[in-house]
Amino acid sequence: MSDCLFCKIIAGQIPSKKVYEDDLVYAFEDIQPAAPTHVLIVPKRHFAGLKEATPEDAEIIGYMQLVAAKIGRERNIEDGYRTVFNVGPRSGQSVFHLHLHLLGGRDMAWPPG
Ligand code: 5GP
Ligand code: ZN
């Protein structure tokens, strides 16, 4: 999608701090980190969000979680991190290209706000 912020980041048209990349996903540091580790994991193929996902997207959605777990292991935050999909405007979703937040490196309150 030509007007999508995260598609532009994946294409390198907007700079980002890359954390991980492979054929399927791109992961980068959130510009406004809400925790010492705050990484966004996005599928390279554009789709809007979890509520737009179809059964064909099951594999990539699961794979994003595994990439988060790999980064969590590498960052040594396995004593407590959270992976989050914000879905819809009331959740705070502001970018409509599916992305998984990986947050950790501090105590994580429950329930989340
Ligand atoms: P959402 O609120 O849609 O779940 O998450 C969007 C996230 O993208 C926010 O945490 C926000 O800080 C991050 N973000 C927005 N614009 C940019 C940007 O240009 N670069 C980076 N690295 N992160 C961004
Ligand atoms: Zn996109």
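The values are calculated or read from the model by the stated rules, or taken from the named source; none is laboratory data. As the structure is a computational prediction, the values presented were derived from the model and not from experiment. Virtual Cβ from ideal backbone geometry, glycine too; neighbours counted across all protein chains shown. Protein only, heavy atoms only, side chains kept; ligands, DNA and RNA dropped before computing areas. Shrake-Rupley method; radii C 1.70, N 1.55, O 1.52, S 1.80 Å.
If you go through region 14-31, how many residues are away from ligand 1 (no atom under 11 Å from the Cβ) and either in a loop (DSSP other than H, G, I, E, B) or in contact with a Cys (Cβ under 8 Å, 6 or more places away or on another chain) (or both)?
Going through region 14-31 one residue at a time, the tally reaches 3.
With the structure loaded, tell me whether Y20 is without any contact (Cβ under 8 Å) to a residue 60 or more places away in the chain, more than 20 Å from N86 (Cβ to Cβ) and surrounded by 13 or more Cβ atoms within 10 Å (Cβ to Cβ) or whether it fails that test.
Taking the combined requirement at face value, the residue satisfies it.
Within the group I14, I71, I31, which residue is farther than 22 Å from P112 by Cα and of a type in the set (V, I, T)?
Sole residue among the options that is farther than 22 Å from P112 by Cα and of a type in the set (V, I, T): I14.
When region 82-113 is examined, which residues are found to be under 10 Å from the mean Cα position of the chain (by Cα), outside any loop (DSSP other than H, G, I, E, B) and in contact (Cβ under 8 Å) with a residue 24 or more places away in the chain?
V84, L100, H101, L102, L103
Take the residues in region 65-103 that are away from ligand 1 (no atom under 11 Å from the Cβ) and on the phi > 0 side of the Ramachandran plot; name whichever of them is most open to solvent (accessible area, probe 1.4 Å).
N76
Output the residues belonging to region 32-57 that are in a loop (DSSP other than H, G, I, E, B) and either open to solvent by less than 30 Å² (accessible area, probe 1.4 Å) or touching a residue at least 12 places away in the same chain (Cβ under 8 Å) (or both).
Answer for region 32-57, where residues must be in a loop (DSSP other than H, G, I, E, B) and either open to solvent by less than 30 Å² (accessible area, probe 1.4 Å) or touching a residue at least 12 places away in the same chain (Cβ under 8 Å) (or both): A34, A35, P36, K44, R45, H46, F47, A48, G49, A53.
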